[in-house]
Every structure is written in C-alpha cells, then in structure tokens.
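Before any comments, here is the structure.
Read-outs throughout are calculated quantities, based only on the coordinates presented, and are distinct from any laboratory measurement. Quick caveat: nothing in here was measured; it's all calculated off a predicted structure. Here the Cβ positions follow ideal geometry from the backbone for every residue, glycine too, while neighbour counts run over all protein chains shown.
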Amino acid sequence: MRKMRLTRLMMVGLTGTLLAACSALEGNVRTPGLDEYSSDRRRDQVRGRLGGTDGILIFGTDRNQQRGGGAGEASGIGVNAFLWRAALDTLSFMPLSSADPFGGVLITDWYSPPGNTSERFRATAYILGRTLRSDGVRIALFRQELRGNAWVDVPVAASTASELEDQVLGRARELRAQSTAAAR
Amino acid sequence: MRKILLGTTAVVGAALMGMGVAQAQEAPTVRVGGYFEFTAGYVNDDFDRPNVTGANRSRSKVDFRSDMEISVIVRGKAANGLSYGAEIELQMDNVTSPGGSSGVLGSGFIGAGSGGIVDTDEAWGFISSPTLGTLQFGDQDSAADQLKVAAPSVTNLGESGGWDEFVAIDGANTRYILSTINDGNDSTKIIYLSPQFFGFDFGVSYAPNTFEGENLLQNNAQQNGSLQRNANGGFIRNELSGALRYRGSFGNVGVAAAFSAMRGDAPDGVAPGFQDPNAYQVGLNLSAYGLTVGGHYVWGKFDRASFGRIGLPQGRDTSTNWTIGATYRIGAMSLGAFYALGKRDNGGALADREQRAIGVGAVYTLAPGLEAFANYTNVNDENVAGLTATGVVAANGAPGNLRNRNIDIFIIGTRLAF
C-alpha cells in the first residue's frame, strides 16, 4: 500500500517535472539569429548603419519602416500604437489591472466567465516593439480553478495564448487599414 | 473571445516545440549593403631596411590603402515559418596572378600589385527553422569559426588586425602567426548550426576541399589530372569543423565561451609528406558595464599562418598561440587593448619561432555606420630560420630570411558601413 502511494507520488512528481521541463524548454530553446554568430566581416564590425537600415532596400517591403500613422513616437507611446490599441480592444472584456503604454505591458485582473464561477483567467500582454510585426505581441494567460475553497493554478493550452495573439494581430491589421484609408 | 477560452481550458498544453510563436509569411527582400574603408599607416619595420631588402635605401614609412565590399542580402520567410535567404559579397581583392588563389594561404599569391580587382568573398544561402536550427551552404565561414569566442577587439585592432596589411611578408610567407582558428577560407561547404538549448549551441561543417566558387579545376588547368578533388593537388581535403558554444549571464556579467575544432586530410606530397592538419581553439569572454575582457588559446597541427589550412610537414610539432584582450565602451567611444603570443616549430634542430604583439586603439562612432579608428601595434618576431612556402629550410642569410624583426605600426582611418 505504502509502496503504491510512493509510486503514485513519484509519477505525479515525474509528470510535474516533465511539465516544468516543457515550460522551461519553451523559453530556452530557439534558433539563434544570423547576427548572433562570430563574424570576421569588416562591415559587421561597424556599429550601426548609415541610413539606419541594414543595406538599401531594392526589392520587397521594408518591415522596419512599418511604423504606421500615429504609431510610435508621434502618439507619445513607447510601442506600436496599432498593436497597443488592438491589445486593449481584444482584452477589454476582462477588467484591467494595469496598462503601461510606454513599456507596452497590459495586465488584466482575474476574470471568471459568466456561468462558471469555479474558474478564472488573467492575461498579460506584451507589445514588443515599435514595429507592426506578427511577432510584436506576446500574450501570457493564467488560469485557476476553485478546488475546495482555494484557487489552484491550472495549465492553459499554449494555443489559447497564440489564438489571442492572432486576435490582436487581426485587430491591429484592421486599425492599420482604417488609418491608411483615412490618410488617403 | 470567451468561446476561445472556454473551448480550450480542458487541454493541458505540453507542446514541446514552436508554441506561442505567431508565424507569418514574409515576402522576400533584397538589400544592398557594403562598406568603404580608408587607412593611413606609419610603419617602422626592420624588414624595410636596405640590409634586408637589398635595395639602396629603406622603404617609405607611410602608405595609404582603401578597401571596400558590396553585399547583396536576400531574406524571406515562408508560411511554414522557415526563414531563407542568401548573401553574395563582392570584395576588392588584390589578385595579381592568373589563377592566383587569394583564398589559399602559403600559395605565394598574397596581395601586392595594382589591386582593385573585384571578386567574390562569401557567397552562400541558408534555410533556418525556429526549432531545428540553420543550414548554410556555399562559400561561407566554417562552423568552428562562426561559433568561436575570441579575445574582444575594436575595429581594426587585433593580433591580425589592420596593421598586417602594411608590412612586408617574410621568408616563411607570413606576416603574422597570431590569429584565431581558421575560418575555412570560404571553401564551398555545408554548415549546420543548432538551436540554442539553455544557452548552449553547436555547429558542424564539411568542405570536400579547400576551393571555392563554380570551377572544379585547379588554377585554370586544362588537364584531366588537375581537378580540385585530386589527392596530390597540394591542398587539404575533407575538412571537418565543429564547435560548442555557451552564452549566458550571471547577475550583471555576460558570459560567452566556446570550444572550436577542425581537421583536414593532408595532400599527398613528396616523401616524407605531410601530417593531417588540425586546429583547436578555446575562448572566453566576460562583459559587464561596457567592459569586456577575454581571450582565446589556439593549438594544433599547423605551422606558419596556416592554422590548419595546409598539411604540416612531417617532423614538426604542434603550434600554439594565445591572445588576451579588453574593450571598454563609453558612449560613442570604444577603447581596446590586446596582448598576443604565438609559437611555431621550425622543424629539425632549429629554434622555435616566437611572435609577440601588443596593441592599443580607439574607435569613435561619428554617426551610426561611420567610424574613425586609430591604433598602435608593436610586433616582435623572433624567427631564426627562414622557411620557403613548402616548408623547406631556405639558405640562411637570404633576404627576408633569418631575421629577428621588430615592427611598430600606427594606423588611422575611417570605415563606413551601409
């Protein structure tokens, strides 16, 4: 009996370790960018670039320049304005706890969906820069369940956060389209 | 929105790879970049004196040089998240001899002459996955070089920095024996660079032989016998390189460390022939508050300045060299200093060659992409016997051979990158 309990405990521990390892891997595995390797090129040793961009664009769309009307400096906020407004719109169904437009951090308070008081959610959105890019927004989602009379952390599917990110990106796209249409 | 939340709450997410990253297709871009450099040098070199050159008067102490490179940079991202691209670099090169192999050290065609000829430097393509790493192919630096960690330096300062262009090549066909592990000479190769796991990443590369470019013949040869694949072509083959690197930070201190290695098959030669060359490098960099200190140590079966690019003559011992350096960045100014020492076996009963270099320099960033630099390097070379390019001991006393040599070089100039 005791042995069985021990085995069960070990299995729980193992599962927990695996889960922890998975979430640790998430932040610690990535492919380094090409500029993260040692380069003996004389061009690479120079700090910065004349003209501000890495080379002169002769074909394609310059994503570094996609700051859009009202995005960034002009509007007085530190991050891309389209992404910021889109994140506000998307998460507005939850009560806001903190919003920092300069650092690009949006934190909601706990929110329980109507009709289900035994679970609650909280979201943190990070706008990662001034440019309007698909990887410019990161959303972290937290979920808790009421067990007995205590809230317990429960994992959330990774896809949920990325679906929320897609919503934000979609909204940002709409906002940008509106703003370009207005500017014409 | 609520539907999304409710619909997915039951799922326990434990996806290992690629989660949370919003992928989007990016239309390819083509950019043109490059740099231009002007350098003025003042040289005080024992080898410039009449008793070495055989001329009536010493060489001039001042010379100017200009250099440039144009890069074509292609980048794109497919809908499945794979990045792809290519880089083609056109450089100013001082190729003076027909078929002169500027990329092959010790082949006797280094520098000099009218210069101003443009040829390709690196030319390569890549595919990169956010979870599986990067595959590069073409004329690109080896994995050992790309992942190496070396003593820190500022623009044009270093053990084989801007100074060496200004000094005469010695009897052993070298200017310096101080450097990092070789970069693979842009020989056409394939390179795999792994993802980073908890700060660690690794890479491997393979080159069938030491040649680059589209031609598979050696030096414009018309004969069936002179392919680059020849075992007796005089160049190394089957070059393998690899490296393991760590990058991370502890408190406010950034740490980078790496171990790099390479080896190749020596060419067949006249008896007693050559040993298979290899080279290893360990390097460490620590950085905090704008200050970076670090160093590297290189060892292996190589001689002169080849660092494993040519076969080591039989009977020679391994070579070593090491460098320590520090840089400090304060606003637009970067300051640097280094000390380097290298040793080479001269073969037989001859004493080892020993080269020491010490340098200090500064770089001022006038505007992003526009730098002014100035540095001073002192090189002391103790080499008792001159060696010909093939490693044979030359007649002592011939010009350029059997010399101890002291060099002072001061360079000042500007480099512009766009």
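Just a few scattered comments:
- Charged neighbours of residue A:95, selected by a Cβ distance under 12 Å, balance to +1 (K, R count +1; D, E count -1).
- Region A:67-184, dipole about Cα centre (Lys/Arg Cβ +1, Asp/Glu Cβ -1), debye to the nearest 20: 340 debye
- Taking the number of Cβ atoms within 10 Å of each Cβ as an exposure proxy, the fewest-first ranking of B:310, A:139, B:88 is B:88, A:139, B:310.
- Per-residue shielding of A:152-165, expressed as the average number of other chain Cβ atoms within 10 Å of the residue Cβ, stands at 5.
- Projected onto their three principal axes, the Cα atoms of region A:67-184 cover extents of 58, 22, 22 Å, largest first.
- Summed side-chain charge close to residue A:34 - residues other than residue A:34 whose Cβ falls under 10 Å, Lys, Arg +1, Asp, Glu -1: -2
- Summing charges over all other residues whose Cβ lies under 14 Å from the Cβ of residue A:110, with Lys and Arg as +1 and Asp and Glu as -1, gives -1.
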